[in-house]
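As structure tokens, the structure follows; a few thoughts come after it.
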Amino acid sequence: MLKSKEDYNSQTMNNEYEEQKKWNLIPHYKILTIIIFATLLGWTAFFLVLQKLDPFNNTDLALSLFFASSFMALSGTFTILLFLLKRWRTGDNVYIKHMMVSMRQGILLSLCTNICLGLLAIGLLRIWNGLILVILMMLIEFYFSGKDDLK
């Protein structure tokens, strides 16, 4: 039984530290391998959707599969490119946190790209819409990057 609030706080902090330590034990190349496999699967699905589905006959299915496969392919591609850029910039110090930050940034870039593609498809994409969307994604990233400590 815990005796005081300080004991509870120290136990909670120890549990959080153990959880972070567990994540740090996963090698980055294993996660990178999974992301590469998912990206290849996404690009394969994307090209299959482009080749096999006719958007004029089955609009709902074709568009939903198009956007889902492009999101998967682009988020993996952006994640890999951003991770390699971080690895090149920092030298040999590769941390799992860099992989997670790259994944978040890749997903945000992919989401921004898919929203722009959707707006373009319905004829509503203008320079102002695109700029507002990019600024919104940048603000979201600034919010999350302020919480990261990449030491």
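Here, each number is a calculation from the coordinates, and none is a lab measurement. What you see is a predicted model, and the numbers here were worked out from it, not measured in a lab. Here Cβ is always computed from backbone atoms with ideal geometry, including for glycine, and neighbour counts include all displayed protein chains.
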On the basis of being touching a residue at least 24 places away in the same chain (Cβ under 8 Å), among the aliphatic types (A, V, I, L, M), closer than 30 Å to HIS28 by Cβ and surrounded by 12 or more Cβ atoms within 10 Å (Cβ to Cβ), does LEU108 make the cut? yes
Residue that is surrounded by the most Cβ atoms within 10 Å (Cβ to Cβ) [pool: residues in the stretch 59-68 that are within 14 Å of TRP43 (Cα to Cα) and of a type outside the set (Phe, Trp, Tyr)]: LEU65
Could you check, for the stretch 82-92, whether at least one of its residues is charged (D, E, K, R), part of a helix (DSSP H, G or I) and in contact with a helix residue (DSSP H, G or I) (Cβ under 8 Å, 6 or more places away or on another chain)? yes
Any residue at all in the stretch 82-93 that is surrounded by fewer than 17 Cβ atoms within 10 Å (Cβ to Cβ) and either of a type in the set (Ser, Thr, Tyr) or within 11 Å of the chain's Cα centre (by Cα) (or both)? yes
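Okay, residues lined up against (1) surrounded by 17 or more Cβ atoms within 10 Å (Cβ to Cβ); (2) free of Cβ contacts under 8 Å to residues at least 60 places away in the same chain; (3) farther than 19 Å from TYR29 by Cα:
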| position | (1), (2), (3) |
| --- | --- |
| ASN57 | no, yes, yes |
| SER70 | yes, yes, yes |
| ILE80 | yes, yes, no |
| ASN114 | yes, yes, yes |
| LEU125 | no, yes, yes |
| ILE140 | no, yes, yes |
